[in-house]
Each structure stands twice: as structure tokens, then as C-alpha cells.
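Below: one structure, written as C-alpha cells.
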Amino acid sequence: MSKKIKIFLFLLNIYLNFGFKNEKNYDEKKHLCLLENEQNSIYLSIYENIQKDSVLTVLPIIGIPFGDKQNIKLNILNGQQFVSLNNSNKQLILKSEIDRDNGLSNINVLIECNPGDQHPIYQHIHTYLVLIPAVISWLNINVFISIIDVNDNPPKFIKNGKFNINLHEELPIGTKINLDFKAVDNDQPGPNSHIRYKIIETISSSLSTKNKNYSNLFSIPDPFLPELFISDRIDFENMPSRFSIKIEAEDQGIPKLNSSAVIEVNLEDIDDLNPIFSSSIYKAKKSNFNSTLLIIEPKPIKAWDGDSFNETILYKLSGENSKYFIIDEFNGVIQTKTNKLPSSAQLIVNAFQTNRPERNSTAFVLFENNYSEEEIEISLIHIISFICFLLILSNFLILSFWLGERKKQLLIKNKMFVF
């Protein structure tokens with residue numbers, strides 16, 4: 001038998017004794033570190049509120065990473081700040097709390113899998129057997145973790161939810177109020193951060209109007225825009241000058257979360273009202289015959305600013321027979337110019353603001369002369385008669401005194417003559 005045939009038979013014997021077994025081991029090893037079901041990567045989705053130390057998944061990697069039958073080694077190359085690996089059961093465990101609202105929307109984990117023996121399988125075999133692969137390569141496995149947003153943040157108003165506005169009364173209905181009262185939701189864009197606004201309550205600072213509702217004065221036409229509009233008449237004279245309304249911001253997540261803000265409204269008066277008289281009709285008569293003052297009923301003539309500005313009010317007199325009277329333009333006091341007055345007069349008193357004469361009001365004064373001309377003539381006769389009586393009486397007294405003195409003088413002379 002030739003030498004070449006002997007060598008061939010020798011190698012064939014080695015292959016028959018070792019080759020099949022090593023090929024079988026090789027076939028087993030060539031599947032280690034692969035993913036089950038021929039997956040290329042691992043994809044996970046978790047909620048952001050998942051608890052720390054929670055098991056995210058059991059890695060579907062072929063091989064045993066722990067124990068007597070260990071045939072692979074696993075190691076985390078990337079993402080170890082977020083997850084850890086339990087080699088005994090291939091569990092991927094959350095290592096720290098996560099929050100998508102801080103910008104963390106996904107985690108990429110890279111796991112290295114080492115099939116173990118790195119030496120040539122047939123190291124002891126003659127170099128002629130190089131046709132059998134001798135080295136098994138390491139594998140890197142990608143785990144892509146998507147973080148699902150959870151509605152865990154309620155909307156928050158800017159400025160800590162406290163706002164102040166100054167409004168003039170009588171603003172036209174539909175006027176937009178220049179106020180930015182928006183709220184911000186830190187959840188991710190979507191229903192969890194989509195905010196809806198509504199007016200929920202009004203609070204008056206006045207005790208007398210404590211339970212009165214002022215929400216009808218304002219509206220939010222588009223509930224998804226923080227815009228406030230006038231929806232009803234605002235009258236300074238018929239409501240408190242300071243009151244509050246409450247606005248709620250609510251997201252559209254599940255469950256819905258909300259917060260509220262308070263808007264303090266400071267109502268400012270405008271000069272929209274005319275002066276107001278203490279009475280619309282007055283009655284007047286003379287206090288006595290010789291006095292120029294009049295008795296005014298039911299109360300003295302007085303007008304004041306209908307608004308809260310307390311503007312200076314002046315008075316002017318006109319009307320039938322007004323030539324017999326005069327009015328003090330500053331205090332509204334009416335006096336007569338003469339004692340010869342008509343039996344009656346219908347006077348018109350006009351009160352107006354000095355800064356805006358067009359702001360004026362009118363009241364009527366009905367004068368009845370309680371001292372007629374006949375009464376005046378009788379009074380004059382009485383006065384003249386009384387004066388005449390006084391003159392006569394005084395003359396009589398003077399004459400009596402003179403006669404008495406004269407009598408005394410005559411008596412004295414008679415006595416002297418006797419002696």
C-alpha cells in the first residue's frame with residue numbers, strides 16, 4: 001500500500017472518530033446568541049410611569065447565560081444607565097425612573113452576546129482540516145424601547161394662575177379683552193396636552209352681591225384658545241367695582257386633569273351719566289313776606305354727578321316768570337328779586353357738569369305765591385295804621401308830660417304869690 005493511501009486512511013479515521021461529533025458541536029454553536037423566531041432586533045413599548053426595578057422583557061436569545069450549562073455570556077454595551085441584565089433568567093430590568101416629558105422618548109440598548117469558546121474547534125487536528133470553520137463570532141443585539149406618554153401632568157397657568165385686568169364699563173359686546181391667561185401642559189403633544197378652557201365660577205368681593213353670578217359677562221368662544229370676550233353689558237353703577245372670575249384649564253387625556261386660575265376684575269367708571277337731582281319736581285313758596293328766600297319741598301334743590309367722578313355741578317334757571325327769581329349757580333338756592341311776585345310760576349332748573357356741559361339734567365320748580373297783592377295791601381294798611389297809632393301815642397305822651405310839667409310850674413308860682 002502506497003504511503004499516500006496510508007495517510008488518507010489515517011485522516012479518514014480521525015474524521016470518522018472526531019469529525020461528526022465536532023460538526024454537531026459546531027452546528028449547535030453556530031445558533032448561539034441568535035434571536036428566537038429569526039428576529040433581527042427586540043422592540044419594546046413601555047409607559048413612562050412604569051416603576052423602577054420592573055422587568056421589561058425576557059430576552060429571546062438562544063443560549064444559556066448562567067449555571068453549569070452556560071454557553072453564552074451577555075453584557076450591556078449601551079443603555080446601562082437605564083437598564084440592567086439578570087443573567088440567571090435573561091430578564092431586562094428597568095434601572096431608573098423615566099419621564100418622557102423630560103425629552104426621553106426612547107431608549108436604545110445594545111447587548112453583546114459571546115458564545116463562549118474562542119479557540120479553533122479543531123486545534124488538535126492536522127492543518128489539512130482548515131475547511132471546517134474554527135472561530136464563532138460575537139453578536140450585538142439591539143433592543144429598541146419606545147416610551148409611551150402618560151397623562152401625569154395637569155395644565156398649569158402662567159403667573160401662578162393669578163391675573164388682574166382693568167375694564168371700562170359699557171364696553172361693546174364682543175370686545176376681546178387683552179389678557180394672556182394661557183396654561184401649559186408638560187405632557188407630550190396630543191390629547192394629554194390638548195387644553196380646553198372654560199369659565200367655571202365668579203366671586204364677588206362685595207358682601208351684598210356675594211352670591212351673584214357674573215360669569216355671563218364674559219365668554220370664551222373657542223374653548224381651545226385662551227381668549228376672553230365681553231358677552232353682556234357691564235354697568236359700573238349696578239355692580240361691584242371689584243370682583244373675580246375663575247377659569248379652568250383641562251387636558252383631554254385619560255383621566256382628564258385640570259387646574260384653575262383666578263382673574264381679578266377692576267371695573268372703571270366712565271362719564272356716561274347725567275347729573276342726578278334729589279327730586280324731579282320741587283314745590284316752592286316764600287318763607288315770609290319780607291324774605292327773599294323760598295321754602296323748597298320735598299327737600300332742597302341739589303344735583304350731583306351720576307358717575308363716581310364727583311364733577312362740579314352748576315345750576316341755571318329758566319321758565320315761565322323766571323325773571324322774578326335768581327338762582328345761585330353753585331349751590332342751587334333760589335331767591336326772589338322783588339316782593340311783587342306773580343301768583344304762580346313754573347321754573348326750570350338745569351344742572352350741568354362744568355367739564356362737560358352736555359352732561360346735564362332738568363328739574364321743575366312749581367312756585368305758589370302765598371302772599372297775594374290784596375294780602376300785601378292789607379298788610380301795608382296794618383303797618384301804616386300801627387305806625388300812626390305809635391305816632392299818636394307818642395304825641396299824647398309828650399303832651400301829657402308837657403302838661404304835667406306846666407301844672408307843676410303853675411302850682412309853684414301860686415304858692416309864691418300867697419306868701
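Residues are listed down the side, and each one gets a yes or a no for (1) under 21 Å from Ile281 (Cβ atoms); (2) modelled with pLDDT under 90; (3) hydrophobic (A, V, I, L, M, F, W, C):
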position	(1), (2), (3)
Thr336	yes, no, no
Asn339	no, yes, no
Ser343	yes, yes, no
Val349	yes, no, yes
Phe364	yes, no, yes
Phe367	yes, no, yes
Glu374	no, yes, no
Ile378	no, yes, yes
Ile384	no, yes, yes
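Apart from one condition, Asp251 fits all of (1) at pLDDT below 95; (2) touching a helix residue (DSSP H, G or I) at 6+ places or on another chain (Cβ under 8 Å); the exception is (1). Residues of segment 230-244 include none that is in contact with a strand residue (DSSP E or B) (Cβ under 6 Å, 6 or more places away or on another chain), more than 14 Å from His168 (Cβ to Cβ) and either β-branched (Val, Ile, Thr) or not assigned by the TED database to the domain that holds His168 (or both). If I ask for residues that are crowded, with 19+ Cβ neighbours inside 10 Å and either under 12 Å from the mean Cα position of the chain (by Cα) or outside the structural domain of Asn160 (by the TED database) (or both), which ones from segment 171-197 would you list? Across segment 171-197, the qualifying residues are Phe181, Ala183, Tyr197.
Please go through segment 321-354 and pick out each residue that is surrounded by fewer than 18 Cβ atoms within 10 Å (Cβ to Cβ), under 57 Å from the mean Cα position of the chain (by Cα) and not in a strand (DSSP E or B). Across segment 321-354, the qualifying residues are Asp328, Glu329, Phe330, Asn331, Val333, Thr354.
Consider segment 55-88. How many of its residues are surrounded by 11 or more Cβ atoms within 10 Å (Cβ to Cβ), of a type outside the set (A, V, I, L, M, F, W, C) and assigned to a loop (DSSP other than H, G, I, E, B)? So the answer is 8. Right, Pro300: under 30 Å from Val333 (Cα atoms) and surrounded by fewer than 16 Cβ atoms within 10 Å (Cβ to Cβ) or not? Considered against the rule, which asks whether it is under 30 Å from Val333 (Cα atoms) and surrounded by fewer than 16 Cβ atoms within 10 Å (Cβ to Cβ), Pro300 comes out as yes.
Scan segment 307-318 for residues that are surrounded by fewer than 16 Cβ atoms within 10 Å (Cβ to Cβ) and either in contact (Cβ under 8 Å) with a residue 40 or more places away in the chain or of a type in the set (Asp, Glu) (or both) and report the count. Adding up the residues that qualify gives 3. Starting from residues that are in a loop (DSSP other than H, G, I, E, B) and aromatic (Phe, Trp, Tyr), keep the ones in segment 211-237 and report whichever is farthest from Arg196 (Cα to Cα). For segment 211-237, the residue satisfying everything is Tyr214. If I filter segment 182-201 for residues that are of a type in the set (Asp, Glu) and outside any loop (DSSP other than H, G, I, E, B), do I get at least one hit? Yes, there is a match, as at least one residue in segment 182-201 is of a type in the set (Asp, Glu) and outside any loop (DSSP other than H, G, I, E, B).
The values are calculated or read from the model by the stated rules, or taken from the named source; none is laboratory data. Note that the structure is predicted; figures quoted are calculated from it, not measured. When we count neighbours, we look across all protein chains shown, and the Cβ atoms used for this are built from the backbone with ideal geometry, even at glycine.
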